[in-house]
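Here the structure is laid out as structure tokens; the discussion comes afterwards.
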């Protein structure tokens, strides 16, 4: 059935300095090799595994135990990035531990290197992840310089670009999702058809229920996604949510048939694929073209590319959350508090500060036009 819709830090250049600003036209990509974990010093590998150690009746769990796979991958990349920087700087770390080089003489240039290529909030994320990893791998040590640098950038980092120019309405994203699903049968190959339907379903689902990317990635059939009566529900336990509060909500009824069609037709087709790097996907909802679980980076690319084709600029999965808050503020300002439930925030202040890009004048104007239409 085709888818249908019913209605005191190191003395370095900081992100707040004019010399560290990243031009909007500059590609935000760091040309720095990451050192794979297999090439880390032996002591670092041992410390990493100890940090991940699950608890048992006789031992406490490691500091990173219980973190989700995507988060662990970011932590691993953070330390690999640090070792890559040391190599690029001509520092011989192989016989020691990369943690020993987290001193002012190295942390300062590392920040400068990041600031030259990345947006301030990305630099903040990279430093925070490195600080978390260092503390987890060596809980008995203090990394004063790195921690001071991290605190400083949390105080000073501001987004480089105004996101208002990239915001579209939630309805437009929802429509795009359905158009991709409805047009899937017209694609030139079965693989392209499956990819279009999958991407359309992801976009429509995110437009309606803008969960964080890691939660979108983690969805498994009969675990986070279940059928209850005529509707599909998404349920995430507290340990999988950033705010540590469980989330549970139904998908719109208009998505019931598309989910059914994806599960019955397109997902089995994708699972049957045998790409070179295939890993058995288990019950993962989103499947890649090689038959594996679709990972976060590829979901980001697929959604960004589909929205780029339609709107002329990419809308990544996280920006869907801005879209939701802004759409509510413009179209239903009297009930803006519902954004709490939609985004899973604990306070309305978080939603307003982090995501709501609506211009106050535009919101008021549209709200007045809605009122006038019903007179």
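The values are calculated or read from the model by the stated rules, or taken from the named source; none is laboratory data. Everything quoted here is computed from the prediction, not taken from an experiment. Every residue, glycine as well, gets a Cβ built from its backbone with ideal geometry; the counts of neighbours run over all protein chains shown.
Tell me which residues, restricted to the range 48-67, are under 27 Å from the mean Cα position of the chain (by Cα) and either exposed (fewer than 14 other Cβ atoms within 10 Å of the Cβ) or not in a loop (DSSP other than H, G, I, E, B) (or both).
48, 49, 50, 51, 52, 54, 61, 66
Going through the range 217-228 one residue at a time, which ones are within 16 Å of the chain's Cα centre (by Cα) and either at pLDDT below 85 or not in a loop (DSSP other than H, G, I, E, B) (or both)?
Filtering the range 217-228 down to residues within 16 Å of the chain's Cα centre (by Cα) leaves 217-219.
Hits for the range 217-228 are 217, 218.
Look through 281, 258 and report the one residue that is surrounded by 14 or more Cβ atoms within 10 Å (Cβ to Cβ), assigned to a helix (DSSP H, G or I), assigned by TED's automatic domain parsing to the domain that holds residue 171 and touching a helix residue (DSSP H, G or I) at 6+ places or on another chain (Cβ under 9 Å).
After ruling out the rest, the residue left standing is 258.
Any idea which residue in the range 186-216 is modelled with the highest pLDDT, counting only those that are outside any helix (DSSP H, G or I) and farther than 16 Å from residue 295 by Cα?
Filtering the range 186-216 for residues outside any helix (DSSP H, G or I) gives 187-189, 209-212.
Pick out the ones that are also farther than 16 Å from residue 295 by Cα and you get 187-189, 209-210.
Details: 187: 91, 188: 91, 189: 95, 209: 86, 210: 86.
By that ranking, first place goes to 189.
Those residues that are modelled with pLDDT of 80 or more, buried (at least 16 other Cβ atoms within 10 Å of the Cβ) and either outside any strand (DSSP E or B) or not assigned by TED's automatic domain parsing to the domain that holds residue 218 (or both), I need them from the range 229-247; list them, please.
Selection gives 240 alone.
Which residues, counting only those in the range 289-309, are part of a loop (DSSP other than H, G, I, E, B) and farther than 12 Å from residue 202 by Cβ?
Keep residues of the range 289-309 that are part of a loop (DSSP other than H, G, I, E, B), which gives 289-292, 294-295.
Scanning the range 289-309 gives 289, 290, 291, 292, 295.
Return a yes/no flag: does the range 286-306 have any residue that is more than 19 Å from the chain's Cα centre (by Cα) and either at pLDDT below 90 or within 25 Å of residue 172 (Cβ to Cβ) (or both).
No, the range 286-306 contains no residue that is more than 19 Å from the chain's Cα centre (by Cα) and either at pLDDT below 90 or within 25 Å of residue 172 (Cβ to Cβ) (or both).
Out of (1) at pLDDT 90 or above; (2) within 27 Å of the chain's Cα centre (by Cα); (3) under 28 Å from residue 49 (Cβ atoms), what's the single condition that is false for residue 111?
Among (1) at pLDDT 90 or above; (2) within 27 Å of the chain's Cα centre (by Cα); (3) under 28 Å from residue 49 (Cβ atoms), the lone unmet condition for residue 111 is (3).
With at pLDDT below 90 and outside the structural domain of residue 240 (by TED's automatic domain parsing) as the only criterion, which of 47, 51, 136, 116 stands out?
Values: 47 fails: at pLDDT below 90; 51 fails: at pLDDT below 90; 136 fails: at pLDDT below 90.
The unique qualifying residue is 116.
Can you spot a residue in the range 152-159 that is closer than 30 Å to residue 310 by Cβ and in contact with a helix residue (DSSP H, G or I) (Cβ under 7 Å, 6 or more places away or on another chain)?
Yes, some residue in the range 152-159 is closer than 30 Å to residue 310 by Cβ and in contact with a helix residue (DSSP H, G or I) (Cβ under 7 Å, 6 or more places away or on another chain).
Considering only residues that are outside any helix (DSSP H, G or I) and within 30 Å of the chain's Cα centre (by Cα), which ones fall in the range 98-108?
Result: 102, single match.
So if I check each of 275, 183, which one is out of contact with any strand residue (DSSP E or B) (no Cβ under 8 Å at 6 or more places or on another chain), surrounded by 14 or more Cβ atoms within 10 Å (Cβ to Cβ) and under 21 Å from residue 294 (Cβ atoms)?
Residue meeting the stated conditions: 183.
Kindly establish whether residue 129 is within 20 Å of the chain's Cα centre (by Cα), in the same structural domain as residue 63 (by TED's automatic domain parsing) and part of a helix (DSSP H, G or I).
The answer is yes for residue 129.
Taking residue 173, is it touching a helix residue (DSSP H, G or I) at 6+ places or on another chain (Cβ under 7 Å), more than 30 Å from residue 103 (Cβ to Cβ), modelled with pLDDT of 90 or more and surrounded by 21 or more Cβ atoms within 10 Å (Cβ to Cβ)?
no
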